[in-house]
Each structure stands twice: as C-alpha cells, then as structure tokens.
Amino acid sequence: MSENVTIFINDQEVQVPANATIREASEAQGVHIPTFCHDDRLKPFASCFLCVVEVEKARTLLPACSTKVAPGMRIQTNSATVMKSRKTALDLLLSDHAGDCIAPCEATCPANIDIQGYIAHIANGEFEQAVHLIKQRNPLPVVCGRICPHPCESECRRGLVDEPVAINPLKRFSSEYELQYGPVVPKPAPDTGKRVAIVGGGPAGLSAAYYLRQMGHAPEIFEALPNLGGMARYGIPRFRLPWEMMDREIQAILDLGVKVHHNQRLGKNFSIADLQQMGFGAVLLAIGAHKAKPMRIANEDSPGVMGGVDFLRKVVLGEKVEMGRRVAVIGGGDTAMDCARVAKRLGAEVTLLYRRTQAEMPALPMEQHETIEEGVEIRFLTAPTQVLQDAQGKAKGLRVITMVLGDPDESGRRRPEPLKDSDEDLEFDLIIAAIGQDPDMSCLDMEDEKPKVTKWSTFVYDEKTNVTSQEGVFAAGDCSFGPDILIRAIGEGRRAAQAIDLHLNGANVKLTKEYAISRGRLKDLEMADFSPRFPHKKRALEATLPARQRLENGGWGAINMGLSEAQALAEASRCIECGCNARFDCDLRNYSTEYNATEKRLAGGKRKYDEDKRHPLIKIESDKCITCASCVRVCSEVRRIDALAFINRGFTTKIGPNFNDPLQTTGCDACGMCIDVCPTGTLSPNTGKECGPWTGEEVITTCTSCSRGCGLSVKVKENRIVKINSINGDPVNGACICAEGRFAYQIAMANGAKTPPPGPPSGALEAAKEFMFNARQLAVVVSPFLTVEEIYAAAVLARKRGGSLHYHSALQAKGAAKPNGKLFGEGNLALLQRLGAKPWGMGVGADCLVLVNTPVDTRQAAAAAKVIAVGSHACCFQANIVFSLADPLETEGTFLTRDGALAAVRPVLRDPDMRAGWRILGALSEDIADFAWLRKRLANEVPELAAVAQPFPQRLVPTDLTPVLDAVSHDGRGTAFINHMGKMGLDWG
Amino acid sequence: MGDRMIITIGEGTCGIAAGSKEAADLLSKRFPEAELRSVGCVGMCHQEPMVWITNTDDVTTLYGQVNKKNLPKIVRHIKGEGDAPPNFISTSQQPDTDKGRYLTGQTRIALRNVGTINPTSLEQALARGTYGAIKKILTSGMTPEAVIEEVKISQLRGRGGGGFPTATKWGFARSAPGEVKYLICNGDEGDPGAFMDRSLLEGDPHAVLEGMLIAAYGIGASRGYAYIRAEYPLAVQYFGKAIQDARAAGLLGKNILGTSFAFDIKIKEGAGAFVCGEETALMASIEGHRGMPRIRPPFPAISGLFGKPTIINNVETLANLPWILNHGGAAYAAIGTEKSKGTKVFALAGAVARGGLVEVPMGSTIRHVIEEIGGGSAKGRPLKGVQLGGPSGGCVPEAMFDTLIDYDAINATGAIMGSGGMVVMDSKTCMVDISRYFLEFTQLESCGKCTFCRIGTLRMKEILTRICEGKGTMADIETLEELGPQIKNASLCGLGQTAPNPVLTTLKYFRDEYIAHVVDKKCPGGVCKALIQHTIVQDKCTGCSICARYCPVNCISGELKKPETWVIDSKVCINCGMCAEVCNPEAVFVA
C-alpha cells in the first residue's frame, strides 16, 4: 500500500502514506512525538503511553506509535490534554523510578563536579583526565583539595557500606599530580571581543574569569588587595593551603588571557558606573565577605580587640599586630581555629572561648582536633559579656559567663543559656572575635544607582542566574549568598559566567537544570540495602604531621601530606558508582526535563529490586525499569533468542532474564542489544570504572570483527572507548551488532591497547628480514578479518619476497551466533581471492611462515623452520619472532563487507601510533612508506578505494567485488574474545 | 406417573462446596429405592445444597440448605408426615412461593437447561433439544450468511461486557480472507463474585458447544478453542466430556452430522490472570505468550489467533445462539428494550436476601432484580447501591434502582453492564473501602504493561488507603479525580480503561462519604477501622458476655447479666467488629 491519505496534524492538512502510524506520519512532518517503548527495529507495542495524541471522535487518547492513520483523521499532538497526560505518565514513571541519576556526591557539591567520573579516571590511573573533568566545574582543585570541607563525602553512598570515599583527598592527589606536569590550560573559544569586569579576585571571581575566558570573552579582574585568591589567601593560613600551590593554579587561570588590576578597590578607586562607562558589557561583583561580625558586647571597639578575618589578613599582609602574651579567640568555626593556630604560631598563649560544647562546634572535627593538639586551650560553654578595659581604655580582658544548653533551636543545636551568677573575669592582651563575617557594603558608597542589598548585607540576587537588581550587574560568592565554603563560590562563579555569557549574547538569562532523581538523603537510607553488596574496605587516610613537627620552623610549612599514588588508586576503587550509567543518554531523564516532570507529585510505593550483576558484561537494575519491554522485544523479535522476559504481574512487573536465572544461562549471547534499546539505565554494560560513565565524542565506524561490516557508534573520551552502540537505521544487518562488536574493545583494553603497542623489538625486524631472505619457500598467512590495507600490505609482502599468500580456513571455531545468524567465519575473501590468495591447508609447504593475526595448527607450523607472527593477541604456539598489531578498532582502514561494499573503518582513537598493523607489514616488505602511500597504491588496484580515501558522507561504498561466501573459519579476534569470556567466568562454547 | 421417587441434587461447584455430596449420601440412605439424579447449579446459591424430590405422583418439592441437622424434618415432610420445614422452598404445584419467586421471577434462555439436566449426559441434552438448531442449519442447507442474518435479526450483543453486536463482529470475520479461521469461547471469567460462565459450562456444556458450532458455521471457522479458567476444574472436566461425547456422536470433528461441515475444539485452560479475559491477551495466552493485551486494530476478526481471523465470544453469548436459531431471531428481539434484546444473566451477591444466578429480560429494572428476585436487603438495613460490572464497573445508587437493565441506560449512570456482576450494598458498606477493594483487584491483576494502569492504579489505591486510614486530604480527592480519567484515557485495554470506574462512580454518587472520611474523620459505613469506635449500648445489652468471649484482644468486660456494667476499652480495641457480629440484641454501636 503506497497510496497516500489526507489527514490533519495540528490543523495542518498533510498527505501521508496510508499505512503509516500516527507517529511516523507526524515525524515525517517534523512534529516530534516522544516515546519510550518505540524503536524502529521493533513492532509497535504501546506500553509507555507517552506518545499519546488526541484524535477527533476517539473515545480515549491514542498511542501514536501504534495507531495507524485513517483518511480524514484529525490529530492534535500537543493539546493541553495531551501534554497533561504525558506529564502525568512521566510523573508516574518517576514515582516508581529508583536510583541516582547523578551520584549524590555530585548533586551535593555546590559546584556539581562530576566526582564519580573523575574517581573512575583515578581508579584507572588516568590522573590527567581526572583533572580535565574536575576543571570543567572547578578551576581551583588544588586549593579545594587542601581545604574543602567536602559536603560530598557526607552524602557518599559508600558511607552505607563502611566509610565514605575520601573524595577530597583524591581530588587533591590527582590535581597536585597533574600540577607537577604543568597545569591544564584549555584552549579558549575564538575571541568575542566582549569585556567583563570582575570585582574581586577570590574563588568566585577567578572561577568566573576562567569560564568566561574559555567562552572567548575578555574578563578583567579588579582586586582590592595586592594578591589574588581572596579568602583562600587572606583567610586561610598557609600551613593549611601552601601559597606556592595556589599561585600556580591561579597562574594557570591567568594564562588563559585574563587581565588583573591589583590594589583596585571598589568604592575607593572606581565605581560600578565607571566600569560600565569603560565599556564592560557586564560587571560581576565577587567582593566576598571580609568584614568581621561584631560580638555585640560592651567595649568591643577598644584597642586590643579585633575581628578574626582582620587578624588573619593582617598577618598575611605582614602588618604588625600587637599580640601580647595572652590571646583570646572567640568562636567555634574554622576561622576561629585558624586564628587560634596562627596566634599560637606567632608565639602567644591562646585560649579559645566557645559558648556551646565541642559536639556543637561547627569547625571540621579534624581542625578542632589539630587545634587542640597544637596546644590551644579551649573553654567550652563560655561566652564573653563585656570587654574589660584598662585605664587607657585598652582591652585588658573579658568578663565571661558560663552557659548551659537548653532546648534545640531552629538550627537543631541546643541553645546556650547563661548560668546565673557565674561571671568570671579573664585577662587577655589581644581579643580576636572570630564569630563570622559579612560583606562590606561600604563599597557601594560612591554609586548613584546601587544594586539592592539584603538585611544581611548581601546583594539581592537570583540564585538561579546570579542576576542582581541592576541590569548587567551580577553577583557571586560570599557577597551574594553570605559567607559559605569556597567550593560554593567557585560554583557560583561558573554559573555567573554562564549567565553573563547569555547576557552578552543578548539572550534571555535563564538557566535550566536537568532533571535528576535521587534515592534520597543518606540518613534516610538503609545500610542493610548497601552494606552486604560490597566487600568492605577501609578508607585511605591522609598523612598529617604530628603536632610538634607542625609547629617547627615557625610552623608555616604544609602540615597535610595527602595520599600516595598507591593509596589513591586503591581509594578510587572504593567508589560504588551509584550514579546511573545512563546519565548522559537517558530518555526518561531528557523527557522529564522537557516536561518538567517530578517524582514527588504522585509519590508512593516503589518496586525494590537489587541490581543483577551476575552476567559479566550486562548489568540489570530492574528498579529503574519502565517496562517498555524494548529489551524483551529486541531479544525475541530481532535476535530470536528470548533470553529476557517480563517477571511478575501488576505493579511489581519487571524485566529480567527468563525465570530470573543468570542471564548467561538463558541463551543470551551477550549481543547487548538490550542495552542499546533501553531508554533508561536498567540495562547497562557491567564494566565498572573502565567506562565511567563519561560523556564522549561519537565516532561512527565499522566493526571489524567479521565481514558483515556493521556500523558502530563508538563513544570516545580522551583516547578511551567508553561505550559502543549499534546505529539504528544502519543498512547492514538490521542495525544489530553482536557481542564482539559491542564488547571486544574491552579485550583491547585488557590487553593494554590503550597505550600504543610497542614498536618492533630491537633487531627483530632485521632478524625477520634475514629469515625471509634465506627462505626457500615463504608463506604469508592472514586472517580474513584484517582491514583491506592490512591484507594488501601482506599481499605486497608475499609478492615482494616471492612467497605465497594464504588465508586461514582450516579451523572451525564454535562461536557466537551472530545477529541474523549466518555471519561467523566469513572474511575479506573476495579481496583475498582477487589478490591471488589460497586457503591455508595441510598441503602447503613452507620453510618460513609469516602469520598475520592468525594462529596456525602447531603441526603445520613445526614443518616451517622459521615462524614470524604479527598479531594483536597471543598466538597459540611459539613463534620465533612476534610483532604486535594494533586492535582493529584503533586502526584506520577499509573493510570489505560480506555484501561487497567497502566500509571505512574510522580511526576511533586518535593516536596515530595505534595504526601499527600495516606499518609492521610495510617494514617487512620494505615497499610501503606510509598509510597514504599504501592507500594510494591500493586505490589503483581497487578503484572504489579512491572513494573511501576521500572524505565521504556515507560509511559504506558499494563495489563490484563479488563476495565469496565460502565459509572460512577462524579469526584471531574471535579466539581472543572467547578466551576473554572464559576469563570473565562465562562458558563461551 | 413415575414408578419410583427421584432425588435430584444440584452438584455444581457451589453445591458441592455447600455439601451436596453429603446430602446425596444421606438421602440415598434414607430412600434407597429412589433414583438419584445429579444436575448443575440452578442458581439459588443462598439455598445450596438443594434437593428436588419428585414423588411417584410427579409432584416435585424443592428444599434448600439440606444438611444432616435438618434432614429428619425434610424426610418427615417428604413422607407427608409433618409441616413444611423452614428450608422448604416450593413445589411444582405451587411454584410461586416467596422463596420460589427467585426462580419464577426469571426468564431463562441461556440458563434454560441449567439445573434441570445432568451436564455429563449427552442423552439428556439431546432429549432437551440440544443440537437441534445446528441439525436444522446443516440439514436444511441454511447458508452461513443466513445464520448471521438470523443472529442479526435477534440483535444479540456480546455478553462478555463489551456489548458489541455479535452478528456485526461475525460479519467481519466471515468476509476476512483466509482458509483458517478460529472461534474462541471465552470462559476466562475472572470478576470477583461472578460465576455466570462457570454455571453454564458446568450445568449445560452442550448448549455452549452447540453455540460454538453455530458460530463456527456462521463465520467459517474450522478450529475452535475453549479458553476456560483453570480455577474451574469441574467446568473443564464437564466441557471436556461434552467435547468427547459430541465428537463420538458425530457432532464435532469432520463431517458433522454427515455434512461437509468440520469443526473441532481444544480446551485451553486459563493462565490464571484476570487480564487474559481480554481478547488480545487471551489470544497471546493461547499462542504461548505472556497474557498481555496488544493494540487494536488489527481487530481479532481480521487478524487474531496466530494471525488468522478470529471470533471470540463469551460463554453466555454462545449459549443464547441455539435458542435464537430454534425460535428465530425475531422471537429473541421481541424481548428487551430498543437497543438491548433478549435476557441477561446476573450474579447477584452482597447484602441481598437471596443471592445467586439470575436471568432476566433486558428492560427489567435493577430494583426488580434486587427486590423481587433477590428479596431486598438481607439484614433489613437500607440499601445504598449496587456495583454493576464487577471491578470494571461502577456503583449505581439506590435512588437510581429504577434504571432499566439496558446497555445504554446503565452506561449513562457511569457503571457498565459488564459480564453481569451485581453486588448489592447496604448502609453498613463503606463506599471508599469498597472502591478500594475493587481497585486493589484490578491493580493486582494489571499485566504491568501500560504506565497508567501499572502505576496509576496503585497510586489511586494508596490514596484510598490513606483516606480509609483517616490520613486523606481534600487534595487527595482532587488527585483521584485527576488520575482516574487520565488512566481511562491512556490505557491500552479494557482493564486499565475501566479500573478507575468504581472510584469515579462512588466519588460521583457518594462524595459525602469521602468527605466524611477526609474532613470529619468518620466512616459512615462503620467499616474503616481507623475511623470507627465500638461501644456497647447498655439499653440493648443483656449482659450475656458473648462479645467478651469472642473478643480477640479481651477488651470487653462487665458482670454477667448486668448490662450497665459492660464496656469496651477503646484503648485496647482493634475495631475488628467481632462483638457486633456475635451480639444478638445488636447492642454494639459502631460509629
């Protein structure tokens, strides 16, 4: 039926094929209809009911994926009823969806660093890549690595197993490791010529500058103090955060091309209005919070009383501080600890007064501990009521009162109340009030038109876009949300950069947040659900100097030594990867963002199923399943295997291996098409940290595992294959790939192919040539599964040396049934035969054998005096000389498919050293100079190759080479794959 | 004049469960000379086990609830020695007694032989004229088109619930191309409380078989399946025997009745899922797949079982066919209303005095069925409403009991005719609780395929549970009203499309009860444990202490024969209701 019918889509009259479904008809008209359960490879199913449309006179909404058009049909694809139904469908699905789209560490981190991703890199020993990932969110990882109070760790799911992963020490380790080799300086986008003034060179300002510069804008920092770093430099003592480290990290930001104006204070040297007149397209206020909070007690402005941040800043600036012998520090936060420890290092006898008990102290436990270790006396439950003055009005001590804890206040901590008649006078020479700080809004005094300020002395701003009340003026960091931890300022700086970018481009300043579901706060989860599933392992501890050593030589040296490399590798492997493997390509997540869906509106009971990791390659997390059954159907309808099934009825329905058996016992051949079609993270590669999850660049290439020539969509991240999927709509093989195509890259990784294969061992090449020169009868035996270029290079070698060319056909391997069933064992036979190759068999005699990626029966090999093996996998017998050959996935080349088309094998990993296969063969034949040369020469003999050599839009180029369908048998990759499966505990035939 | 006494005993599943085997034993020992006959269930469930005594004068007396205890009185009455025992129902001379009206108030077409013949006897079926219609068709050379025409004249509509005109459906399959066509008898009766199909299959399997033959001839099917609930072992057994006997008698198989017409039937026992009663899921189940519905079109009549044109008819629909062909479509169409013809079988249950299987002409009122046949309220309490159509149906309030039994009239109330479930509710029924019960059923029986049905119905049930526990809010009621129509609107099959009906109709007619739960934290029906309290009304109490003896948590105390001392300790009471159940003077007050 090819005739057309007239229908109306959203009141638009259109002609569509009479046998089309509503969805097909709409998509053809460019009207997008969302779906989970539909895949072009599968029969319509209609289960998710996301694709509903309204059809005039229909009794109910209709699923567009499986309802056929009818003449005169009037369809509304986005009416209010339709949109409401879709949102409800999503709300319902989310209400029963488990998991953490993004790991809670990342979700908790105020800068949203992809922590799971960088920890996976660290676990793989890829410290540089880890830092690349960190710096996408945080340009100051070394600074953070030293001092961040790491809220991420307090939500770490590993805490439900034994102890949280040491996230911050890992960040510190990798970023300092990378700093040693020169910090990452990413290449900024082309200059936009747009200038941005950043007031304040602290973490927020530096972060904004870093990201603005990368977008191609020209940020300029106006810093009131002599040096950059803000509170990181002037509020944190250098024994906790060494300046040399910080300076190098800041320099890396400036090296992008960021201008800095030192000693320029807003409200003194310039005003916001001045900046706007100077031609800055946007102003970012990142002035921090540098004004100490008053204690609100009598005589606190006496000489001899100062604020905590003022004290710390003066010390850094080298200004003289009248210390005396006895110093009191008031407060229980990190600044109080820092003040006490600095005063101690300056030689004072320090007493810290805190009005509650140690249990309520907000300073990090480690800081408290170290402060006490260093000899600071702490008086708990003690509050000052009055500064005592001497005759000159200078402070000479404090009147304090003892407190008792009453009922909890709104912060949940018990409120301190004064104990009657417990006053006491204490003598001090210097009193440091470290009870908090506020932004100093006197900087706005020069302005005619001021951005609005809250009653807490912070800027009125939009927490989603950092926009202030004044057009073109943004705020970030402590001056916008109030004093908080450094990483929050860094996160704000980046977000402000995004908002400023939109503003500079004249766009509506609106930032959308991607939907993410969470299993919940750590405190609300059951340890029993996690702890038994993982082997327990202690958290790695950073080495810290003992207190006595910390105070030696002035006490300004770094006190925390961090993790060793061995510790870091072990610690990174403790991550339990709670973030979803599908986070970057989950349809449920994307549609939920689009339709503003939420798991909370229709919340209720959830299915609870443990993840099934029994199969070595495929992981099933049934509690993420939306029962679209695409996996069941692809397995049954396309692969005809039926390894997966629906289990249970009603609400508890889930997808799983038949009868809940281990997947590998159900007839599954690990093609992984179920992973391919899964719209959520229910089915995913069971590959652990080798694969992230990370985002990657998609490379479309051709599978070289057999001669079918299936298209592969390979996700590549920094020379690492992250995931391989089929290409829906690929003309070859019904757009299905097999286990080898999908998972063979793991063999390459297991064999160390991510590092370039070693060159020929010294002298080996000469020895090999010597063998061949002395041979009476040379035979070159190739696997039919090599690329066209490799086969051709082997043919040149044989021809050049007067030998014969053979392909291996003697062994019958039992292998995986390939998709569509008849593939296994066919190679580039048409090409080989055209090049005059003969099958290798018992009758062929040779005294020198060159084996190219193919094993040969030991008895036959024994007949030859000399054997040279070129291969990517260990051959099954002893060769005299062995050369390595890169895995085909990493080899640029061309491939002759079973259907006679030439398929380009695109370089997946971009390291040219990977293309070693033809080079070894070329060196042996001494006739091939480089790849371009080889291809040029080959193109003369196979005209279609000329087309492949050009950049072309299609993956497949038809040729007139007739495929020879006689089955040859064996390929080295197949053997290796089988061995690999065996090692992973899978019986593979 | 018979030469000996005949004892006829109802031995359907219901009769056996009520003790008919024991009653038969006892009677045959008392009257060893009598002939013992076994028949299917006549439908008076409230009277099982039932016995008909036909004396040598051909007078038949009907007794219900025959057991060891009341047997002596019955025996005396049979012998003409005493007054009618309390369980006397009627005699053939005077059938229209109060109790007998249960049967006399009916018009039995589908159930014409049920309860009167031995279902395992082909001879008895033949004697009652079964297979006469198919014989007439085949021997008179009536064309399949003429058969369809006759059914068209009868205006018979599918009795499974959909009410689609049978002849029209057949017409599609008749004209669909293809050598092989299937006829399926849908006996996967899964509604809680419904047993129309079971009684027919157990009580008159040959009528259903003949119906299948007629349908198969009409549509041109050569193969048939009887999809019968596996939980109906007796039905499977009897229907299996009927197939065997019919085959042996040349009524099934090749060359039926010596003609070229060939048709044979296989029994497929159901997969134990409610949803398998849905046509497409049923076919998937026969094909060996998980019973999950698929989208229509293609309709089964065009592409059904194994991709062939397939007609699926309900047991009751099929049982009507021989009658129609024997008496003519016009005779059938003479019964009923304008658009609903013939009779309909209902399973009457709940708070009604006389429950069981009832067949009435279309156009009767609901009130007629409940009050005339069913005898009204069982316990004398005012009736509140009736649930029609099982868990897929809806609740019709008492004020609307004069609604006619007619597809369109019932649909207009928000309920559906369905397959014939009729559950009567009185003032002690909580409408929130009852709709939760029905929703829980459909929720558990969802196949799990569609989003709205799988998750949406659970969310509704959770909300109803909250309301029943006194934790509901007005926002919850709004969510019910929002989710209900959305679930109906976006589900693939009838299960999901009708699951919210009980909730939506009770919200429509009994909204005040929902509000009482949510706002006043009261359960007007006195059912929801979290919202009720049991107290003893001392004026009515006799101080007998039976309540205390039955109380599982020992929270009732008082002195024997001193009503004023009896109290329930509400702190300990779990509101199980046992005291109210056992209290004879109804002195336990629930509010």
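The values are calculated or read from the model by the stated rules, or taken from the named source; none is laboratory data. As the structure is a computational prediction, the values presented were derived from the model and not from experiment. Heads up, the Cβs are rebuilt from the backbone with ideal geometry, glycines too, and the neighbour counts pull from every protein chain shown. Just so you know, the surface numbers come from the protein's heavy atoms only, side chains and all, with ligands and any DNA or RNA stripped out. Shrake-Rupley method; radii C 1.70, N 1.55, O 1.52, S 1.80 Å.
Data overview
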{"item": "From phi via Karplus (6.51, -1.76, 1.60), per-residue ³J(HN,Hα) for the stretch B:377-389 in Hz, x at Gly/Pro", "result": "4, 5, 10, x, 7, x, 7, 9, x, 9, 8, 9, x"}
{"item": "Alpha carbon centroid spacing (whole Å) that separates the stretch A:683-712 from the stretch A:10-38", "result": "31 Å"}
{"item": "Semi-axes of the equivalent ellipsoid for the stretch B:372-490, Cα gyration tensor, largest first, Å", "result": "26, 18, 13"}
{"item": "Spherically averaged projected area of the stretch A:344-490 from its Cα convex hull (nm²)", "result": "13.2 nm²"}
{"item": "Spherically averaged projected area in nm², based on the convex hull that wraps the Cα atoms of chain B", "result": "28.7 nm²"}
{"item": "Kirkwood Rh in Å, taken over the stretch B:514-591 so that all alpha-carbon pairs contribute", "result": "12.7 Å"}
{"item": "With DNA, RNA and ligands ignored, accessible area of A:CYS848 (1.4 Å probe; Å², nearest 10)", "result": "0 Å²"}
{"item": "Kirkwood hydrodynamic radius (C-alpha pairs) into Stokes-Einstein, the stretch B:51-124, 25 °C and 0.890 mPa s, D in µm²/s", "result": "179 µm²/s"}
{"item": "Chain B - mean residue ellipticity at 222 nm from DSSP helices (-39,500 (n - 2.57) per run, n ≥ 4, rounded to 500)", "result": "-10000 deg cm²/dmol"}
{"item": "Surface accessible to a 1.4 Å probe, per residue, for the residues of the protein assembly as shown, Å²", "result": "39 Å²"}
{"item": "Unit charges at the beta carbon, dipole of the protein assembly as shown: most positive-side option, A:GLN116, A:CYS635, A:PHE883", "result": "A:CYS635"}
{"item": "Residues A:SER469 and A:ARG379, FRET efficiency given R0 of 41 Å [Cβ-Cβ distance, rounded to 0.05]", "result": "0.40"}
{"item": "Candidate residues A:ASP390, B:ASP57, A:ASP478: accessible-area rank, largest first, probe 1.4 Å", "result": "B:ASP57, A:ASP390, A:ASP478"}
{"item": "Apportionment of accessible area to carbon and sulfur, chain A, percent (1.4 Å)", "result": "50 percent"}
{"item": "Normalised contact order of the stretch B:335-411, rounded percent, pairs of Cα under 8 Å and 6 or more residues apart", "result": "29 percent"}
{"item": "Ranking by accessible area, most exposed first, for B:LEU36, B:LEU138 with a 1.4 Å probe", "result": "B:LEU36, B:LEU138"}
{"item": "Alpha-carbon gyration tensor eigenvalues x 5, square-rooted, for the stretch B:448-582, Å", "result": "41, 14, 12"}
{"item": "Computed over chain A: relative contact order in percent, which uses C-alpha pairs under 8 Å that are six or more apart", "result": "11 percent"}
{"item": "Charged-residue dipole, Cβ positions (Lys, Arg, Asp, Glu), the stretch A:65-112 about Cα centre, Debye nearest 20", "result": "520 debye"}
{"item": "The stretch A:420-572 pair-distance distribution - Cα-Cα, 5 Å bins, rounded %", "result": "1, 6, 9, 9, 10, 11, 11, 12, 13, 10, 5, 2, 0, 0"}
{"item": "Angstrom value of the Kirkwood radius, inverse mean 1/r, which spans all Cα pairs in the stretch B:185-266", "result": "13.0 Å"}
{"item": "From phi via Karplus (6.51, -1.76, 1.60), per-residue ³J(HN,Hα) for the stretch A:335-345 in Hz, x at Gly/Pro", "result": "5, 4, 4, 4, 4, 4, 6, 5, 4, 4, 5"}
{"item": "Quotient of Cα Rg and 2.2 N^0.38 Å for the stretch B:260-302, N being how many residues it contains", "result": "1.32"}
{"item": "Protection proxy ranking, peptides B:185-192, A:214-221, A:637-644, B:376-383, average beta carbon neighbours within 10 Å, highest first", "result": "B:185-192, A:214-221, A:637-644, B:376-383"}
{"item": "Estimated distance in nm for a label pair at A:ILE372 and B:LYS79, the labels positioned 7 Å out from Cα along Cα-to-Cβ", "result": "10.0 nm"}
{"item": "Cα coordinate range in the stretch A:210-265, projected on the principal axes (Å, largest first)", "result": "36, 24, 13"}
{"item": "Listed residues A:PRO958, A:ALA932, A:GLY318: farthest to the positive end of the dipole of chain A (Cβ charges)", "result": "A:PRO958"}
{"item": "Size of electric dipole in chain A: Cβ of Lys, Arg +1 and of Asp, Glu -1, about Cα centre, debye, nearest 20", "result": "1440 debye"}
{"item": "Taking N as its residue count, the alpha carbon Rg of the stretch B:335-384 over 2.2 N^0.38 Å", "result": "1.20"}
{"item": "Pairs from A:LYS171/A:LYS259; A:LYS600/B:LYS471; A:LYS57/A:LYS84; A:LYS452/A:LYS510 whose Cα-Cα separation, in the structure shown, is over 25 Å", "result": "A:LYS171/A:LYS259"}
{"item": "The stretch B:554-567 - phi-based ³J(HN,Hα) in whole Hz, Karplus 6.51/-1.76/1.60, Gly and Pro as x", "result": "6, 10, 10, 9, x, 9, 3, 6, 10, x, 5, 8, 7, 9"}
{"item": "log10 of Debye I(q)/I(0), alpha-carbon scatterers only, for the stretch A:487-538 at 0.14, 0.17 Å⁻¹", "result": "-0.65, -0.74"}
{"item": "Cα lying deepest toward the dipole's positive end in the stretch B:503-591, options B:ALA548, B:PRO585, B:GLY525, charges on Cβ", "result": "B:GLY525"}
{"item": "Geometric extent, Cα atoms of the stretch B:11-67 - Rg, Dmax (angstrom)", "result": "10.9, 31"}
{"item": "Ranking by accessible area, most exposed first, for B:LYS241, A:LYS513 with a 1.4 Å probe", "result": "A:LYS513, B:LYS241"}
{"item": "Shielding by partners - mean other protein chain Cβ count within 10 Å, residues of A:601-611", "result": "3"}
{"item": "Protein heavy-atom accessible area occluded, A/B pair - total, 1.4 Å probe, Å²", "result": "2700 Å²"}
{"item": "Extended-chain gain in nm, criterion 0.36 nm per residue less alpha-carbon gap, A:LYS452 and A:ASN774", "result": "106.9 nm"}
{"item": "Amide hydrogen neighbours beyond the local backbone of A:PHE785, cut-off 5 Å, H modeled", "result": "A:ASN828"}
{"item": "B:GLU123 accessible area, 1.4 Å probe, all protein chains in place, Å² to nearest 10", "result": "130 Å²"}
{"item": "A:LEU405 - accessible surface, heavy atoms, 1.4 Å probe, Å² rounded to 10", "result": "40 Å²"}
{"item": "Cα centroid separation - the stretch B:26-48 against the stretch A:345-409, whole Å", "result": "97 Å"}
{"item": "All Cα pairs of the stretch A:564-702, percent lying beyond 18 Å", "result": "61 percent"}
{"item": "Cα-derived Rg over Rh, computed across the stretch B:212-358 with Rh taken as Kirkwood radius", "result": "0.99"}
{"item": "Range of Cα positions in the protein assembly as shown per principal axis (Å), largest first", "result": "131, 111, 62"}
{"item": "Kirkwood hydrodynamic radius (C-alpha pairs) into Stokes-Einstein, the stretch A:386-457, 25 °C and 0.890 mPa s, D in µm²/s", "result": "150 µm²/s"}
{"item": "Reach of B:LYS266 by Cα under 16 Å, taken over lysines that are not fewer than 8 positions away in the same chain", "result": "B:LYS181, B:LYS241, B:LYS254"}
{"item": "Computed [θ] at 222 nm, helices only, for chain A once each DSSP H run of length n ≥ 4 contributes -39500 (n - 2.57)", "result": "-7500 deg cm²/dmol"}
{"item": "Distant-in-sequence amide H partners of A:GLN470 (H built 1.01 Å from N, under 5 Å)", "result": "A:LYS452"}
{"item": "Simple Cβ-charge dipole of the stretch B:154-272, Lys/Arg +1 and Asp/Glu -1, about Cα centre, in debye nearest 20", "result": "400 debye"}
{"item": "Amide proton proximity set for B:PHE589, modelled H, under 5 Å, gap of 5+", "result": "B:THR535, B:ILE536, B:VAL537"}
{"item": "Peptide A:641-653 - average C-beta neighbours from other chains (10 Å radius)", "result": "5"}
{"item": "Protein-protein interface of the stretch B:251-298, residues with accessible area decrease of at least 30 Å², isolated chain reference, 1.4 Å probe", "result": "B:ARG290, B:MET292, B:ILE295"}
